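Okay, so here's the structure we're looking at.
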Amino acid sequence: MPYIALATLVVDDYDKALAFYTRALGFELIEDTERGDGSRWVVVRPRAVSGDPDGSGGSANSVGLLLARAKDDAERASIGVQTGGRVGFFLHTEDFARDHARMRAAGVRFLEEPRHEPYGSVAVFEDLYGNRWDLIQPA
């Protein structure tokens, strides 16, 4: 069955983006390959969670992020607003309190206090570019 394997996130600098996603969000680096033209193929993905059926990280169908450095003015203008200012990424967790505290300690900027909804515990945060994410522990 087909599935989405990667989603592109336009960034301004590979190493700055890698530091944020691997250190502050705790993602793992899957690939960082020079492409010969000054660009790199950089993929990160949430780390494996308990019950991960294949050790691939997150789940069998965990989507990775391709961190693509902007190459022109139009791409640079899209950094941080790739989803029109809406929450565009949803980071699921098995332990909301643990991950919320770890991310705050790592400098992640949350835009609201955690809230408990019928669908789970959630709080909106921004990545280093201003893209909005939900940290969510499903009910």
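The values are calculated or read from the model by the stated rules, or taken from the named source; none is laboratory data. For clarity, every value in this text was computed on a predicted model and none was experimentally measured. As a convention, Cβ positions derive from the backbone with ideal geometry for all residues, glycine included, and neighbour counts pool all protein chains shown. Remember, those area values only see protein heavy atoms, side chains included, never the ligands or the DNA or RNA. Shrake-Rupley method; radii C 1.70, N 1.55, O 1.52, S 1.80 Å.
Values for this structure:
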| item | result |
| --- | --- |
| Ordering of 68-78, 18-28 by packing [mean C-beta count within 10 Å, highest first] | 18-28, 68-78 |
| Gyration tensor verdict on the range 1-130 (Cα atoms; rounded if a/c is under 1.5, prolate if a/b is larger than b/c, oblate otherwise) | oblate |
| Accessible area per residue, Å², the chain with all protein chains present, probe 1.4 Å | 57 Å² |
| Residue 43 - accessible surface, heavy atoms, 1.4 Å probe, Å² rounded to 10 | 10 Å² |
| Long-range amide H partners of residue 120 with built H, under 5 Å | 139 |
| Rounded to the nearest 20 debye, dipole of the chain from Cβ charges on Lys, Arg, Asp, Glu | 200 debye |
| In degrees, nearest ten, helix 96-105 long axis to first principal axis of the chain (Cα) | 50 degrees |
| Backbone HN-Hα couplings from phi across the range 78-89 [Karplus 6.51/-1.76/1.60, Hz, Gly and Pro as x] | 8, 4, x, 10, 5, 10, x, x, 8, 4, x, 9 |
| Where 122, 87 fall by accessible area, highest first, once all protein chains stay in place (1.4 Å) | 87, 122 |
| Within the chain, percent of DSSP bridges classed antiparallel, to nearest 5 | 65 percent |
| Carbon plus sulfur fraction of accessible area for the chain, probe 1.4 Å, in percent | 50 percent |
| The chain: relative contact order as a whole-number percent, Cα under 8 Å and 6+ apart | 23 percent |
